[in-house]
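Only one structure is covered here, and it is reproduced in the block below.
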Amino acid sequence: MATRARIPQLTPEQFDELGRELDALRKELADDLGHDDAAYIRRVVTLQQRFEFAGRALLWAGWFPPAWLAGTAALSISKILDNMEIGHNVMHGQYDWMGDPSLNSKMFEWDTVCPAEQWRHTHNYVHHTFTNILGKDRDIGYGLLRMVDNQRWRPYYLGNPVYAFVLMVAFEWGVMLHDLEFDRILSGRRKWSDTKGLRRRMWEKGGKQALKDYVLFPLLSGPGAMATLTGNAVANLVRNLWAFSIIFCGHFPDGVADFTEEECADETRGQWYYRQMLGSANIDGGKLFHVVAGNLSFQIEHHLFPDIPARRYQQISGRVREISERYGLTYTTGPLGKQVGKVWRKIFRLALPPRGRTPFGTARRDKLRPVPDARRVAA
Amino acid sequence: MVLNSSLARVGWRRARKVLTSRAVTALTVPHGVDRYLGLINPLWSVNEVRAAVADVTHPTPSSVTLTLRPNGNWDGAQAGQYVRLHVEVDGMRRTRCFSVAGSAHRSDGLVEITAKVNPAGTVSGYLKRHARPGLVVGLSQAEGGFVLPAEVPGHVLLISGGSGITPVMSILRTLADRRHTGRITFLHYASGPDDVVYRQELAALAAAGPRLTLIHAYPRQHGRFSKEQLLEFAPDYADALCYCCGPPSLMDAVGSLWRAEGLGDRLRVERFTTRITAPPAGDPAGEVRFARSGVSVRGDGRTLLEQAESAGLRPDHGCRMGICHTCTSVKTSGAVRNVLDGTITAEPGERIQLCVNAPCGDVELDI
């Protein structure tokens, strides 16, 4: 893999050593998994169920504004926990070792409109294998946005902030439609008829979710139907805003690298780890914040070890950071507000054509801070 | 839900009908009703059999007997059948087969199993040390064909060794409950009197029913099973329907004798040892069976995904490097070695990633 000037170059030996170090760290974690990890995920599931139960119950009294507010908040937290700390992590196979069918990656289904099976393909396979490779990782802009300088600018991207805003508000539907690859259908690279099975499964899952939140629970509330309906809609919205913000902070703040297909041909294990480290960004925060973020605030650690239980990321983040720094690799992190700000600034900036008609991305590369000489550090 | 009486059982069936109705299912999308029932009571489930430990006894130093109270989904067991028991040890769900030892006519609906404690055994050791009343375990429905025929013949010969006594005990207790009018000969092998799990109960049964002949054999004292020994203990063995369960050496000896004498159709055996295989130290040689496709290949040390593809199969796969779990499949039996970190696992029915696991000895996959 050839690396560009702006990101530190490692020698083949250094890549191998990096791979060995991270493999050893992975094994250390895998060997240590046990009762505490199982108890933790069960505790989170119980907590999520209690929030869900409380939310649904309170919304029955939703005509009373404080009950509506509390119910909507509880249901929002339930959906956030379900999607992030439970769904996302369980479906990565983080708890497959437990042998519990209810926490198995292949059998889990989450409280969102995107069918789990479809998401596992686009996320676990496509995104996690080809992280930040332009043209292969469809999470770069979701076929909708311009998120890296290397994406060629077209007048369509003047709407970048508008598309991003719509995607944020309707995030669960965006995640669901992601796999249809509308951009490829519009450009004729994919046939609409090829998506028949996909659309049927979307219709089934999305329909069931919508039926539950927008028809059945409101009907069960009788005269309070409107309060339940709005409460459920707001809870889904809150989850959408939160998930979008956390996820976009994982790969799109400044300082995160993107790669080309040529650069990543015939990658070694060390080079794969290297790309995961440089292609991800963390968010600083407290313990509770990390739980609600599904520990995706440790996006770097998650991308290195996507199937190790997420509660372990915090424990190794110091060591991963030390390794990054020793090899001269940027370990991008920052508080939520700042990272969200960076993401939106980028969404706005990339709506416009590259300044001064410079080769794509050059302006940004010049601005990157110099990194220490990696060869010297690891020698 | 504790269900002893048939009334409670009918009540549960009705409740289950409501809980599995379309309306309730639609309201509990996507997780299903079981996830919420479990929040109220870990025993409650609409489909799964779960059981609470009601009683624990330690009949011998190396065994533990559990009495289990199953939930309303339990369909009962015939004498001689076994269940797969799931128990969580250090966060990991482990599955082992145990024969049901109780009578098929047990009126309190409880299920009794006895586990022999293997010093290296994860599950038996856990049950011996940690099983307490109230512990919830998972169960399968009863399985297995080691059962009595509809018409029980006049003479039944039971031969067991060690922990193989459990299914045979179930048959004996069932026959006793039915007031079986024929003769029963029970020949049991153990290392010594203290190692006989149901010794007192056996003695009581023999004392109460003159038609039960009870023979304890201790190989160190009496020698191993042989035709001479059988002629001494049960000379009329040829006219009996024989049930045999015990260590492989005993079962092999009994099997060859019965076959040699052309009595093969009068012998029923129950083998447990093949259900748990010890992993050889990373040796790839062995047979890899892709059960659903009906294809078998010789293990050659490559990953299971590569071997499946070479055999012309097209299993689902993604990253080919162990990260995306697309290729995760059920391994019904055998041991595999993770090529990334060398970990060997041999849990029956576990889900493994084909792309980073290579076979150790015989492996069967559900693909």
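The values are calculated or read from the model by the stated rules, or taken from the named source; none is laboratory data. Predicted, not measured: the structure shown is a model, and the values here were computed from it. Glycine gets a Cβ as well: all are built from the backbone with ideal geometry, and neighbour counts include every protein chain shown. Ligands, DNA and RNA are excluded from the accessible area calculation, which covers all protein heavy atoms including side chains. Shrake-Rupley method; radii C 1.70, N 1.55, O 1.52, S 1.80 Å.
For chain B, modelled as a GNM with alpha-carbon contacts under 10 angstrom, which of B:Arg173, B:Arg96, B:Arg199 fluctuates the most?
Fluctuation is largest for B:Arg199.
For B:Ser63, what charge total do you get from the other residues with a beta carbon under 9 Å from its beta carbon, if Lys and Arg give +1 and Asp and Glu give -1?
Residues close to B:Ser63 contribute a combined charge of +1.
Evaluate peptide B:321-333: per residue, the Cβ atoms of other protein chains within 10 Å of its Cβ; return the mean as an integer. Please list the in-between numbers first.
Values: counts 5, 4, 13, 14, 14, 9, 1, 6, 1, 1, 0, 0, 0.
Per residue, the number of nearby Cβ atoms from other chains is 5 on average.
How long are the three semi-axes of the equivalent ellipsoid for region A:1-116, computed from the Cα gyration tensor as the root of 5 times each eigenvalue, in whole Å, largest first?
Numbers: eigenvalues 327, 77, 31 Å².
Working from the Cα gyration tensor, I get semi-axes of 40, 20, 12 Å.
Alpha carbon centre of region A:204-258 versus region B:176-216: separation in Å?
Between the Cα centre of region A:204-258 and that of region B:176-216, the gap is 65 Å.
Shielding by partners for B:91-97, please: the mean number of other protein chain Cβ atoms within 10 Å of each residue's Cβ. Numbers along the way, then the final one.
Details: counts 16, 8, 7, 1, 1, 0, 0.
Per-residue shielding by partner chains comes out at 5.
Once the whole set of protein chains is in place, how much accessible area is left on A:Leu211, using a 1.4 Å probe, in Å² to the nearest 10?
70 Å²
Which value does Rg/Rh take for chain B over its C-alpha atoms, Rh per Kirkwood?
Details: Rg = 23.1 Å, Rh = 22.9 Å.
That ratio equals 1.01.
Over chain B, with every protein chain in place, what whole percent of the accessible area is carbon and sulfur at 1.4 Å, could you tell me? Present the calculation step by step, with values, prior to reporting the outcome.
Values: 8550 of 16400 Å².
Carbon plus sulfur share of accessible area: 52 percent.
With a 1.4 Å probe and all protein chains left in place, how much of the accessible area of region A:221-315 comes from carbon and sulfur atoms, in whole percent?
65 percent
Using helices alone, what [θ] at 222 nm do you get for chain B, with -39,500 (n - 2.57) per DSSP H run of 4 or more residues, divided over all residues and rounded to the nearest 500? Walk me through the intermediate numbers first.
Working: 10 runs with 91 residues, N = 367.
After summing the helix terms and dividing by residue count, I get -7000 deg cm²/dmol.
What is the helix-to-structure angle for B:199-208, meaning the angle in degrees between its Cα long axis and the longest Cα principal axis of chain B, kept from 0 to 90 and rounded to the nearest 10?
40 degrees
If a cysteine in the protein assembly as shown has no other Cys Cβ under 4.7 Å from its own Cβ, put it on the list, ordered by number.
That list is A:Cys114, A:Cys249, A:Cys264, B:Cys97, B:Cys242, B:Cys244, B:Cys245, B:Cys327, B:Cys355, B:Cys360.
Give me the log10 of I(q) over I(0) for region B:114-219 at q = 0.15, 0.18 Å⁻¹, as the Debye formula computes it from C-alpha points; what are the numbers?
Log10 of I(q)/I(0), two decimals: -0.77, -1.01.
Restricting things to alpha carbons, tell me how big region A:95-250 is in terms of Rg and Dmax, in Å.
Over region A:95-250's Cα set, Rg and Dmax evaluate to 17.5, 54 Å.
Could you compute how much accessible surface A:Thr230 exposes when probed at 1.4 Å, giving the result in Å² to the nearest 10?
About 50 Å², rounded to the nearest 10.
I'd like to compare B:361-367, B:97-103, B:284-290, A:10-16: which one has the highest average count of other Cβ atoms within 10 Å, and what's the full order after that? List each step's numbers first, then the result.
On the way: B:361-367: 20.6, B:97-103: 23.6, B:284-290: 18.6, A:10-16: 16.3.
Going from most to least packed, we get B:97-103, B:361-367, B:284-290, A:10-16.
Find the sum over both chains of the accessible area lost when A and B are paired, probe 1.4 Å, and report it in Å² to the nearest 100.
Numbers: alone 17610 and 18020 Å², together 32580 Å².
Rounded to the nearest hundred, the buried surface is 3100 Å².
Taking R0 as 30 Å, what FRET efficiency do you get between B:Val18 and A:Ala225 from their Cβ-Cβ distance, rounded to the nearest 0.05? Please list the in-between numbers first.
Working: r = 23 Å, r/R0 = 0.77.
With a Förster radius of 30 Å, E is 0.85.
May I have the pair-distance distribution P(r) for region A:263-334, computed from all Cα-Cα distances with 5 Å bins from 0 and rounded to whole percent?
Spelled out per bin, shortest first, that is 3, 17, 29, 25, 15, 7, 3, 1, 0.
With charges set only on the Cβ (+1 for Lys and Arg, -1 for Asp and Glu), what does the dipole of region B:38-184 come to about its Cα centre, in debye to the nearest 20?
Numbers: 15 positive and 10 negative charges, 62 e Å.
Magnitude of the dipole: close to 300 debye.
With the solvent-accessible surface defined on protein heavy atoms using a 1.4 Å probe, which residues belonging to region B:11-30 display a reduction of at least 20 Å² in accessible area in the multichain context relative to the isolated chain?
SASA drop of 20 Å² or more in region B:11-30: B:Ala26, B:Leu27, B:Val29, B:Pro30.
Keeping every protein chain present and rolling a 1.4 Å probe, give me the accessible area per residue for the protein assembly as shown in Å².
Details: 32580 Å² over 746 residues.
The answer is 44 Å² per residue.
Any idea what % of Cα-Cα pairs in chain A are farther than 28 Å?
Values: 34663 of 71631 pairs.
Everything past 28 Å amounts to 48 percent.
Can you pull the accessible area of B:Ser293 for me, 1.4 Å probe, Å² to the nearest 10?
B:Ser293 has an accessible surface of roughly 50 Å² with all protein chains in place.
Mind checking the mean number of beta-carbon atoms from other chains within 10 Å of the Cβ atoms in B:337-343?
Mean shielding by partner chains, rounded to a whole number: 3.
Calculate I(q)/I(0) for the protein assembly as shown by the Debye formula, one identical point scatterer on each C-alpha and no solvent, and give its log10 at q = 0.08, 0.09, 0.12 Å⁻¹ to two decimals.
Listed by q, the Debye log ratios stand at -0.78, -0.93, -1.37.
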